[in-house]
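All remarks here apply to the structure that follows.
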Amino acid sequence: MRKRLLVLNTTIILGLGSAFSIPGVNAESINKLENQKSQIQQQRSSLQATLAEADKELVSVLKEIAELNTKISKVEKAIEDNNKLIAETQTKIASTKSEVDQLKAEMAIIEERIEKRSAILKQRAQSFQESGGSVAYLDVLLGASSFSDFVDRVGAVTTFVQADKQLLEEQEQDKKAFEEKKAAVEEELAGLTSMMTELKGMQSIMEEQKQQNSSLIQQLKEKENSIADKKAKLQSEDVKYASMIAQIEQSISAQTAAAAQSAASASASEGSASANKQTPAAQKAKGSASSAPKPTVNGGSAISIVTTAGNKYIGNSVYVFGGGRNAYDIANGRFDCSGFVHWAFSQAGISVGASTDSLKFAGRQVSASEMRAGDLVFFDTYKRDGHVGIYLGGGKFIGSQSSTGVAVANMSSGYWKTNFNGRVVRVIE
């Protein structure tokens with residue numbers, strides 16, 4: 001594309017140079033300029049289509065960034081909630097560990113009680129021993145010397161066994177309760193530890209997701225900047241095209257005016273020769289006709305025509321660069337800003353230029369504080385004095401705007417106020 005543009009630019013410049021260097025005026029030269037203008041307009045249309053695609057791509061990227069920002073906000077909220085849950089779980093784990101430690105201390109106390117019970121049982125068994133060493137309860141009973149002694153021994157053993165059994169039952173109950181409680185606590189602790197592991201894994205995943213989203217946003221921002229740069233370059237090329245077209249139009253206007261002047265001179269010469277052959281009466285009649293007052297195009301009626309001529313196109317026109325310069329465009333409401341101004345003044349019989357560069361010298365420069373209906377007002381858009389309109393009064397002007405076609409716009413606020421450069425030209429005095 002860029003290479004093609006450079007080739008075209010070179011062609012146009014060479015073409016313009018040749019056109020400007022040809023002496024005299026002829027149809028071939030004007031046709032050549034018209035062809036060059038048509039080629040540039042085609043290239044400009046292609047460029048503007050590319051520019052529109054860049055705008056769509058930029059909007060798509062901005063939408064993606066907005067969606068990702070929303071997603072990241074949700075992830076950050078989830079991370080925050082997850083951190084709270086982790087903190088709560090850590091507190092529960094610490095409490096459970098403390099409970100386990102307390103149970104272990106209680107186990108030590110129970111074990112100490114069992115040790116003491118065992119000592120008591122041992123002392124009781126020793127009282128039935130006849131010699132050193134341990135003796136079973138059955139040995140004590142079989143060692144009775146008489147039935148009475150046996151009964152006494154049975155009673156003692158029974159008492160001993162009951163006491164021993166009670167101690168053993170208490171001990172078993174303590175051990176069982178302790179083991180059950182310990183198992184429950186250890187199960188809870190295992191569950192909390194598992195939950196902690198899972199939550200930390202979730203945290204890691206979400207942090208990674210957040211980093212990925214941030215990285216993607218960075219990539220999208222880089223893409224956005226790239227598209228913006230591309231758009232700026234395209235807009236710069238568009239301005240160059242507009243400038244070349246304006247130069248060609250100025251050249252065409254100049255050659256057309258020269259041709260008209262040449263034709264007028266030739267007509268005047270023929271008329272003079274013919275007048276010399278006329279009778280005195282005819283010459284007198286002609287003199288009377290030539291002395292008749294010419295119709296005026298100045299004054300209130302002209303201003304009214306110029307300011308209202310475009311009303312029929314409001315809401316029924318389209319902005320076309322270079323439009324308004326032939327019958328087809330005029331019939332179909334196809335104007336650019338300078339073409340519309342040129343046409344509107346022609347409706348009042350006033351001839352002005354058809355480009356902003358020529359229109360700013362079409363009349364007398366007046367200050368913005370003095371402007372009145374019918375004056376030309378200029379705005380800085382893609383270039384200095386890039387847009388022109390016809391002032392209507394009350395801070396309004398009519399013109400062919402790129403976004404609306406022929407329309408009345410407010411230059412007292414917003415875009416047009418910001419871009420109004422203060423240039424006011426009075427054509428109708």
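Would you check if residue 427 is surrounded by fewer than 22 Cβ atoms within 10 Å (Cβ to Cβ), in contact (Cβ under 8 Å) with a residue 40 or more places away in the chain and hydrophobic (A, V, I, L, M, F, W, C)?
Working: surrounded by fewer than 22 Cβ atoms within 10 Å (Cβ to Cβ): no; in contact (Cβ under 8 Å) with a residue 40 or more places away in the chain: yes; hydrophobic (A, V, I, L, M, F, W, C): yes.
For residue 427, the condition - surrounded by fewer than 22 Cβ atoms within 10 Å (Cβ to Cβ), in contact (Cβ under 8 Å) with a residue 40 or more places away in the chain and hydrophobic (A, V, I, L, M, F, W, C) - is not met.
I need the full set of residues from region 319-353 which are at pLDDT 90 or above, touching a Phe, Trp or Tyr at 6+ places or on another chain (Cβ under 8 Å) and of a type in the set (A, V, I, L, M), in order please.
Across region 319-353, the qualifying residues are 330, 352.
Could you list all residues from region 360-385 that are assigned to a loop (DSSP other than H, G, I, E, B), of a type outside the set (Lys, Arg) and farther than 28 Å from residue 245 by Cβ?
From region 360-385, those assigned to a loop (DSSP other than H, G, I, E, B) are 360-363, 367, 371-375, 380-385; that's our starting set.
Remaining after also requiring of a type outside the set (Lys, Arg): 361-363, 367, 371, 373-375, 380-382, 385.
Correct list: 367, 371, 373.
In region 304-318, is there at least one residue being open to solvent by less than 80 Å² (accessible area, probe 1.4 Å), modelled with pLDDT under 80 and either under 55 Å from the mean Cα position of the chain (by Cα) or not polar (S, T, N, Q) (or both)?
no
Restricting region 352-385 to residues that are open to solvent by 40 Å² or more (accessible area, probe 1.4 Å) and among the polar types (S, T, N, Q), which is farthest from residue 421 (Cα to Cα)?
358
Which residues, counting only those in region 176-199, are at pLDDT below 75 and among the charged types (D, E, K, R)?
If the condition is that a residue be at pLDDT below 75 and among the charged types (D, E, K, R), then 198 is the only one that fits.
Tell me the residue from 406, 388 that is modelled with pLDDT of 95 or more and not in a helix (DSSP H, G or I), please.
Values: 406 fails: modelled with pLDDT of 95 or more.
Checking each option against the conditions leaves just 388.
The values are calculated or read from the model by the stated rules, or taken from the named source; none is laboratory data. Note that the structure is predicted; figures quoted are calculated from it, not measured. Glycine gets a Cβ as well: all are built from the backbone with ideal geometry, and neighbour counts include every protein chain shown. These area figures cover heavy atoms from the full protein model, side chains too; ligands, DNA and RNA do not enter into them. Shrake-Rupley method; radii C 1.70, N 1.55, O 1.52, S 1.80 Å.
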